[in-house]
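The values are calculated or read from the model by the stated rules, or taken from the named source; none is laboratory data. Just so it is clear, the model here is predicted, and its values are computed rather than measured. Cβ placement follows ideal geometry from the backbone for every residue including glycine, while neighbour counts extend to all protein chains displayed. All accessible areas refer to the heavy atoms of the entire protein, side chains included, with ligands and DNA or RNA removed. Shrake-Rupley method; radii C 1.70, N 1.55, O 1.52, S 1.80 Å.
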Amino acid sequence: MTKNSASSHQSRLEQLAVFIQESEQILADWDAYSDQRTGLDGWPHDENAYGLRAGLRDAATWRSFNRIRRSAKGLVAAAEIQLHKLPASRIQPRWTWQLSALDTALDQLAGLQWDWLAVQDSLPPSVVPGTEAYDDALAERNAEAWHYLNEWSLHGQALLDIYAAAQDHPPRTPAPAAPSHAPAAPLSSAKATGPRR
């Protein structure tokens with residue numbers, strides 16, 4: 001990794017850390033809201049207000065993730081490479097499945113984004129941000145994305161942890177072959193000393 005690419009990777013990891021922090025705050029705010037506005041049975045007192053507030057949570061989480069969405073695949077790929085170079089004693093067993101969960105979530109988010117772009121292309125020119133049809137379609141994308149964004153909030157720390165572990169330990173390299181001190185066998189021998197099998 002060149003100095004510029006290492007600096008760029010570090011910058012993307014810092015953006016990931018910001019996303020994790022923001023998404024945790026968004027979720028904490030949502031939990032506080034939900035606790036105050038649902039009954040003991042878990043049903044909201046006002047379903048419309050509750051749904052609108054859930055939509056704000058989803059949109060805020062998408063906006064926060066959007067800063068790393070395009071570089072997220074690269075972050076996972078770099079972590080996979082770093083993981084393979086770490087000594088076994090430094091590897092947390094959960095990291096492998098967390099990387100898989102992050103990668104799966106990215107695939108789902110990419111599909112949802114493609115679907116959203118197709119919906120945007122199909123909307124008439126009069127349907128713009130702020131109109132009900134546009135905002136409803138966007139809210140649907142955000143709602144469907146929220147679970148996968150939450151996966152990144154829950155497991156994104158693994159990328160930071162793997163990077164930190166890789167910085168503490170040099171990569172594993174195969175040990176060089178020890179020089180042989182035994183005399184070299186002759187290329188040909190006049191006579192074999194024992195029976196051949």
Quick one: which residues, 5 or more positions from THR38 or on another chain, have an amide H under 5 Å from its amide H? H modelled 1.01 Å from N in the peptide plane, none for Pro or chain starts. HIS45
Compute the convex hull volume of the Cα atoms of region 16-72, divide it by the residue count, and report the result per residue in Å³ as a whole number. 71
Inter-centroid distance (Cα atoms) of region 85-112 relative to region 29-60, Å: 31
With +1 assigned to the C-beta of every Lys and Arg and -1 to the C-beta of every Asp and Glu, and no other charges, what is the dipole magnitude of region 27-100 about the Cα centre in debye, to the nearest 20? 720
J(HN,Hα) series, region 147-161, from Karplus relation 6.51 cos²θ - 1.76 cosθ + 1.60, nearest Hz, glycine and proline x: 4, 6, 5, 5, 4, 5, 5, 6, 10, x, 4, 4, 5, 5, 5
Answer with one residue from ALA17, HIS84, GLY55: the one whose Cα lies farthest towards the positive end of the charge dipole of region 1-138, charges on Cβ with Lys, Arg +1 and Asp, Glu -1. HIS84
Over the Cα atoms of region 6-46, what radius of gyration and what Dmax do you get, in Å? 16.6, 51
How high is the relative contact order of region 1-79? Use alpha-carbon pairs under 8 Å, at least six apart in sequence, and give a whole percent. 41
What nm distance separates the two modelled labels at ASN66 and THR131, each placed 7 Å from Cα along Cα→Cβ? 1.9
Find the accessible area per residue for region 1-112; the probe is 1.4 Å, ligands and nucleic acids are left out, and the unit is Å². 60
To one decimal place, what Kirkwood hydrodynamic radius in Å is obtained for region 101-157 from all pairs of distinct Cα atoms? 12.2
Expressed as a percent, the accessible surface of region 1-139 that is carbon or sulfur, using a 1.4 Å probe and the full set of protein chains, is 54
Scattering from the C-alpha atoms of region 1-154 alone, worked out with Debye: what is log10 I(q)/I(0) at q = 0.09, 0.15 1/Å? -0.39, -0.92
